[in-house]
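Q: Please see the structure below; I have some questions.
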Ligand code: HEM
Ligand SMILES: [Cu+2]
């Protein structure tokens, strides 16, 4: 009995590596610490009522961002571990197996649990405010999306200490990821963690699509929307059409592994190439899901700090539409070398290169927006300005990779790794940092410190180049991706040393940013006006942070840059008419989303270990929550006129 | 007078069918259509997978060996009739006839149950009697998962409609219950359309080719 418990524990918990014990200890300590603090300050009720059950898009946005920052930390530690291992030839900091796990979790976490949720967080904060709405179309579903993402992320991260991490790469190619070659629970964690959060992402796509299509303030026609809102509209369409394919791909591989089916196996007629196709049919649009929104953020920030309207608004929109359509017909460029015929490669080569055209158009539009503007070098603006050249390098090398014959040379080398980090870091990460600094006062009512912000920007941006510029050359010198060590004497060592220095520099930049967040929480400048940047769009017309109901009166819009126009009118002495308040109808908080997601976690964990006694009750719990929700009828309340008056007076907005 | 959470696109709602008379109902129905679009991609992917793997029988039973037109026709007719009765329920909904609505919905889910029963029986026959379980070949994996996904959708639809029936019984036809009944109808018809594709792409081509 004791022995069997012992052997179970030895298999259930990952053992053997001192780093893992360190992680176990720090996870345990952090959890105990959180529980202790919450209990000591009697904050449980507050946590439940104000956050866990909230359906307010602003709070959900903040929760997304906090979770994404934590995940960025984990993914960043993974990156630094890899870079440490590769600094010099023949190091034994990580062994081969461990290295495989680390690049797999790094890639998956960065894409699925950092880039996407960070963007979802920012769009939750900004989009309803930008379109003059009081919430998203489906607040309940919005909370559910967040909690599904959250439990998916937790499930995935648990693999590190319980059962073992996946090691088949973030793209999890079959047949390696299938059960014969990859037994154990690691790959199951990948499949279920990503699946659960993916369902949440799909729901978010539907939610924002309806919100933007149906809930804009009167007068805000589609072509008067802020550019960030446009980018989210288009992104939502991509989400709705790309994610179901991924849902299916993940489900099929799960069925292969759990129930012995043969979709992607080599035996019994399965087709490993089918996985590659399904994965990238989602995977390529996915990179635009994390890119188009930051294009939107940069458009807002560049226009605001150049003090001009965006140059070429309609062209900006149409180029995003073109990118979104093209993004669905380029997936094969990820496997030019895997035995397609020449005409097929030629088609996908050309379709990929075509994407450079609308993207280039957008770059020029940003430059023309800057042209003759009164440029103000705030922290968000620095991130936006740095994006333009750094991202362009990623774009140009992307076109190089798109040439199928040349890709036989570049494929799976560090040239590729450098390319996608140039787009993902200089695009997505610069963009989310830009948006974070830009909307921070709107989220919390105080500013992040500018000096510290600029320092963290310069350290991060320069280190990024120190790390990833040399990487292109390393790729051309023949170092391939996903290799855990290399022999001396190939001339790779100096570049690897420089890259590791750059990587730690980026870590330092991130730490400084985290410090800035903590420092500013205590000493940050209050944002009393709600409009600290002299913004152009409606989110800046509300208080910082905005009231629960966002707008006491739904704004009326007549032109683009609606708030800039209002401010000009006010200057000209036209203050608009004073209207009386009416009670506002708002959704109630509800605990169902977090409970339902918890059942999903139980079901997912059960499936990971093929413990159906656990998985089936989990699924039943999920269905029970859905039924319970269906029977809830009074899910709204009214905010009274007195309360509106009180809230508005508190921020000096009583008209 | 109250202002709703939602911005007001002025539109005369009182002339619309009941399920569209509130802003919220309108939003949800639009959202549901978009959800169905996503479902379309989901089934499209499953169809694509099935068609790729159809010939990968790995020496096991082929479509021709397994499929029999009799049970398949029975499933098809039952499901198509259920779609028709579901349509009748929507007509009764428009007439604000609670009894008719509930009655036709009950007929619909009974037919749905028969369909699920027939399908389970078909699966059972293949897997147990004909030596063709999901793990036998890639073709069978594709077959069971495509049809199983459809069958699960029908089953969930049945549970959902039972929930709506209870609410209709308790509250009668209100803008909210009308919306739910209407959306369940959309869902049911959608599953019917998927079945027609299954009938063509799986059974007919399987029997002929
Ligand atoms: C501190 C910044 C970062 C550093 C130093 C870094 C470093 C690395 C390294 C060393 C690898 C493994 C290369 C290999 O062995 O093949 C890698 C892979 C990867 N990284 Fe990063 N990375 C960083 C940030 C990011 C970010 C922000 C993202 C995405 C938003 C990202 C996405 C990926 C992906 C998708 C892979 C591929 C994983 C795989 O091969 O399965 N990385 N990164
Ligand atoms: Cu791609």
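Q: Gain in length, residue A:637 to residue A:25, computed as 0.36 nm per residue apart minus the alpha-carbon separation, to one decimal in nm?
A: Details: separation 612, 0.36 × 612 = 220.32 nm, distance 4.49 nm.
Separation in residues times 0.36 nm, less the Cα-Cα distance, equals 215.8 nm.
Q: Can I ask one more? Rounded, prolate or oblate: which one fits the stretch A:1-152, using the alpha carbon gyration tensor with axes a ≥ b ≥ c (rounded when a/c is under 1.5, else prolate when a/b beats b/c, else oblate)?
A: Values: a/c = 2.57, a/b = 1.55, b/c = 1.65.
Note, shape of the stretch A:1-152 comes out oblate.
Q: Which three lengths, in whole Å and largest first, does the stretch A:591-634 cover when its Cα atoms are put on their principal axes?
A: The principal-axis extents, from largest down, are 40, 14, 8 Å.
Q: If you average the alpha carbon positions of the stretch A:8-75 and of the stretch A:525-602, how far apart do those two centres end up, in angstrom?
A: Value for the Cα centre distance between the two parts: 31 Å.
Q: Sticking with the crude label model, points 7 Å out along Cα→Cβ, report the distance from residue A:70 to residue A:522 in nm, one decimal please.
A: So the label points at residue A:70 and residue A:522 sit 2.2 nm apart.
Q: Next up: Whole Å is fine, so just give me how far the alpha carbon centre of the stretch A:99-170 lies from that of the stretch A:368-444.
A: 21
Q: Going by how many other Cβ atoms sit within 10 Å of their own, how do A:3, A:635, B:192 line up, fewest first? Please list the in-between numbers first.
A: Working: A:3 7, A:635 14, B:192 18.
The fewest-first ordering by Cβ neighbours comes to A:3, A:635, B:192.
Q: How far, in nm, would the chain grow between residue A:341 and residue A:556 when pulled straight, counting 0.36 nm per residue and subtracting the alpha carbon separation? Don't skip to the answer; put the middle values down first.
A: Working: separation 215, 0.36 × 215 = 77.40 nm, distance 5.61 nm.
That pair, residue A:341 and residue A:556, stretches by 71.8 nm at full extension.
Q: Given R₀ = 60 Å, FRET efficiency for residue A:84-residue B:128 by Cβ-Cβ distance, to 0.05?
A: On the way: r = 55 Å, r/R0 = 0.92.
Plugging the Cβ-Cβ distance into 1/(1 + (r/R0)^6) gives 0.60.
Q: Report the label-to-label distance for residue B:91 and residue A:322 in nanometres (one decimal), using points 7 Å from each Cα along the Cα→Cβ vector.
A: Between residue B:91 and residue A:322, the simple spin-label model gives 5.1 nm.
Q: What Kirkwood Rh does the stretch A:536-655 have if only Cα atoms enter the pairwise 1/r average? Answer in Å.
A: Working: mean 1/r = 0.0546 Å⁻¹.
Result for the stretch A:536-655 stands at 18.3 Å.
Q: Between 0 and 90 degrees, rounded to the nearest ten: what's the tilt of helix A:272-289 against the longest Cα principal axis of chain A?
A: Between the helix axis and the principal axis of chain A, the angle is about 30 degrees.
Q: Taking the alpha-carbon centroid of each part, what is the distance from the stretch B:146-209 to the stretch A:222-272 in angstrom?
A: When both Cα centres are located, 23 Å separates them.
Q: Taking 0.36 nm per residue of separation and subtracting the Cα-Cα distance, what length does fully extending residue A:477 through residue A:412 add?
A: 22.1 nm
Q: Based solely on its DSSP helices, what 222 nm [θ] is calculated for chain A when runs of n ≥ 4 H residues each add -39,500 (n - 2.57) and the sum is averaged over all residues, nearest 500 deg cm²/dmol? Show your work: numbers first, answer last.
A: On the way: 22 runs with 420 residues, N = 655.
Here the helix-only value at 222 nm equals -22000 deg cm²/dmol.
Q: To test your reading of the geometry: what angle, between 0 and 90 degrees and rounded to tens, separates the Cα axis of helix A:379-402 from the longest principal axis of chain A?
A: Relative to chain A, helix A:379-402 is tipped by roughly 40 degrees.
Q: Kirkwood Rh and Cα-based Rg: tell me the resulting Rg over Rh for the stretch B:17-208, rounded to two decimals. Present the calculation step by step, with values, prior to reporting the outcome.
A: Values: Rg = 18.4 Å, Rh = 17.7 Å.
In the stretch B:17-208, Rg relative to Rh is 1.04.
Q: Moving on. Taking the Cα atoms of chain A, what is the range of coordinates along each of the three principal axes, in descending order and whole Å?
A: Sorted largest first, the three principal extents are 74, 61, 47 Å.
Q: With each pseudo-label sitting 7 Å past Cα toward Cβ, what's the residue B:174-residue B:209 distance in nm, one decimal?
A: Output for this residue pair reads 5.2 nm.
Q: Something else now. Please report, for the Cα atoms of the stretch A:161-275, the Rg to one decimal and the Dmax as a whole number; what are they, in angstrom?
A: 18.9, 60
Q: At a Förster distance of 30 Å, what's the computed FRET efficiency of residue A:91 paired with residue A:609, Cβ-Cβ distance as r, to 0.05?
A: 0.30
Q: The stretch B:107-209: Rg/Rh from Cα coordinates, Kirkwood Rh? All intermediate terms of the calculation are to be shown ahead of the outcome.
A: Working: Rg = 16.7 Å, Rh = 15.3 Å.
Taking Rg over the Kirkwood Rh, I get 1.09.
Q: Can you figure out the FRET efficiency of residue A:32 with residue A:514, using R₀ = 22 Å and their beta-carbon distance, to the nearest 0.05?
A: On the way: r = 22 Å, r/R0 = 0.99.
Efficiency, from the Cβ-Cβ distance: 0.50.
Q: Where the Cα atoms of the stretch A:87-195 are projected onto their three principal axes, how long is each span, largest first, in whole Å?
A: Between the extreme Cα coordinates on each principal axis of the stretch A:87-195 lie 57, 33, 24 Å.
Q: In degrees from 0 to 90, rounded to the nearest 10, what is the angle of the helix B:69-94 Cα long axis to the longest principal axis of chain B?
A: That helix lies at roughly 0 degrees to the long axis.
Bear in mind that the values in this text are calculations on the coordinates, not laboratory data. Predicted model, so just to flag it, every value in this text is computed and none were measured. All Cβ positions, even for glycine, are placed from backbone atoms using ideal geometry, and neighbour counts span all protein chains on display.
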